[in-house]
Amino acid sequence: MPKTANDSKRKGEEQETAGSRRRGDVLEKAILSAAWEELGETGYSRLTMEAVAVRAKTNKTAVYRRWPNKAKLIVAALMKHLPKPSLDTPDTGNLRDDVLTLLGRIIKPLQMIGAETIHGLMVEFHGDELHSKLMLPPRSEDPLAVAMSSILSNAQRRGEVKLEELPERVISLPVDLVRFELLTTHTPLTDEAVIEIVDAIFLPLVRKLDKQG
């Protein structure tokens, strides 16, 4: 049977849908952008690899070839599109505001992701895979712990604390508590929760140890 004009048009559309005109980084960028947009419109629980493929104008095989499951695809999309928090040391002029500023930078991207996505990723990354994702560097190499040390160094110069009196665990306590809350609740912290960590736990402990020293 001879091909009609509609047959040729349909075949061309299918080739484009299959991603035949895009390769490598170009196709990967399109898939990650599609995943980011799909996540924003439908949410994590309703997002499917098929829907991402359709939005990216490619096929499921091209998506699965790069990311074997939804969780890994969404993590890659978040890493590419989510704003990266600044880890520069805040210097507002007082310890409380410096710590609140740093913690605020950490939780804002998590709040953008939302509880549903965080919970979904926590559930789907399990066992050894989850453990490897959550492994933290030594405190001396952890950028958040380093930022806390710098904040407290500035506070010491202002006469607010005696840094030498503070154990290493206390120095990193605010960021450790943020991580603990995230891992146990699977939800991003609220601004009120961060203030409570600083005002009800961290600062009273720092001042108590300072007086004891």
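The values are calculated or read from the model by the stated rules, or taken from the named source; none is laboratory data. These figures come from a predicted structure and were not determined experimentally. Glycine gets a Cβ as well: all are built from the backbone with ideal geometry, and neighbour counts include every protein chain shown. Areas reflect the complete protein model, heavy atoms only, side chains present, ligands, DNA and RNA absent. Shrake-Rupley method; radii C 1.70, N 1.55, O 1.52, S 1.80 Å.
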Worksheet item: So if we plug the beta-carbon distance of Glu192 and Arg66 into 1/(1 + (r/R0)^6) with R0 = 41 Å, what FRET efficiency do we get, rounded to 0.05?
Response: 0.55
Item to complete: In whole Hz, with x marking every Gly and Pro, tabulate ³J(HN,Hα) for the stretch 41-48 from phi via Karplus 6.51 cos²θ - 1.76 cosθ + 1.60, θ = phi - 60°.
Response: 8, 10, x, 5, 5, 8, 6, 10
Response to the item:
Once phi for every residue in the stretch 74-90 is put through the Karplus expression 6.51 cos²θ - 1.76 cosθ + 1.60 (θ = phi - 60°), the whole-Hz ³J(HN,Hα) values, with Gly and Pro written as x, are 5, 4, 5, 5, 5, 4, 7, 10, 6, x, 7, x, 6, 9, 4, 5, x
Discussion item. Using only the heavy atoms of the protein chains and a 1.4 Å probe, how would Thr58, Thr190 rank by accessible area, largest first?
Written reply: Thr190, Thr58
Worksheet entry | Magnitude of the charge dipole, the stretch 38-192, Cβ model with Lys/Arg +1 and Asp/Glu -1, debye to 20 | 820
